[in-house]
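For reference, the structure discussed in these notes is given below.
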Amino acid sequence: MLRPLRNVFCLSTRCCSGFVSRTRFVSRLKEDDEACAAALQNGQMFLFHRLSPLLQRTEQGTFRPPPVHASDMQSILEKLCSDRSLLKESVLISCSEQNQAQFCLDVGELDQAAVEELCGGTFIDLRKAFFLLQGAEAPLVAKGQALLRWHQTSRFCSATGQPTHSNQAGSQRVCSSSGIIYYPKMSPVVIVLVSDGKRCLLGRQASFPRGLYSALAGFCDMGESVEEALRREVAEEVGLEVHSLTYSSSQHWPFPNSSFMIGCHASVSPTNSELSTDHAELEDARWFSLEEITAALQVKTPPRRGDPTVVWLPPKHAIGHHIITEWTQRYTKAEGHDTPQS
């Protein structure tokens, strides 16, 4: 059976007062258009150009999204002779620890090179950006891109065909004719690391960069539970029957169009672990030993020229990387070895 969620919500109000304050501040901005408009005037802007985020190289050689102040964005629009009303297309994504509202904005109608020069950064495809970003900034960028994409593809009501309009925060869209309210949605996806006790199973799709392997994943069908979807995906893709599974963690993932990833571990019998890969689903699937996974975890960036002999894994902030690391640490601890570093 699926393990209950860890009890992570039992912190006292005193311990999480900063979190509560920020959460309520963002919630108020979603409900109050005037308050959100006022917060926008002093907010931070995360910029995108046709859904590619703006990144800036730091002095340490790492990359981060440069938060552009709203007043600086107004100056940029003036220099590029653009309508300042573009700021109204900003979408609220979060707030800083100092309760400064954070917004995202797609400037795809502006000249890309000109914006990059004025902001001192580069617009980079999000899949590539995920291997460059560090820490908590990756989820912010992912959320921003997902919300911007949703707004771009939800401009008309699916029931009436009439235009929809967004509230100031961008947390909903309303049909101008019927009043139907639409909210951003995510598609549930199970991602599972299968183990036979001493090895773990990874696969790759033909669309993956050369050498990249990850845990098996698939969308939940209508009416399925997580357990049912997981067992079905493993059976379909590699022909194995899962006999036990446990929940690990979850994550929003912006690909292909905003997914809710539900990470799990699953076990199969070592006497019934022969793979029967469905090549319509996967280009390849294979068992990996602890030593092979440990070596793959040491590959920090994609190998140059896509060397197919080098196996590498999803970026550190991806749930696929997390459950692979989790399995490695559990197996290493059980065997009494030193825990490999990822």
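Observations on the structure shown:
- Interchain or long-range residues, amide H under 5 Å from residue 55's placed H: 122, 123, 124
- Basic side chains Lys and Arg get +1 at the Cβ, acidic Asp and Glu get -1 at the Cβ, and with that the dipole of the chain about its Cα centre reaches some 640 debye.
- Under-20-angstrom lysine pairs by C-alpha in the chain, whenever the two are 8 or more apart or on separate chains: 12
- Fraction of beta bridges assigned by DSSP in the chain that are antiparallel (%, nearest 5): 70 percent
- FRET efficiency, 1/(1 + (r/R0)^6) with R0 22 Å, evaluated for residue 185 and residue 155 via beta carbons: 0.90
- Full extension of the chain between residue 222 and residue 21 yields a length gain of 68.7 nm, computed as 0.36 nm times the residue separation minus the alpha carbon distance.
The numbers here are math on the coordinates, done by the rules we state, and not lab data. Predicted, not measured: the structure shown is a model, and the values here were computed from it. Reconstructed Cβ throughout: ideal geometry from the backbone, glycine too, with neighbour counts over all protein chains shown.
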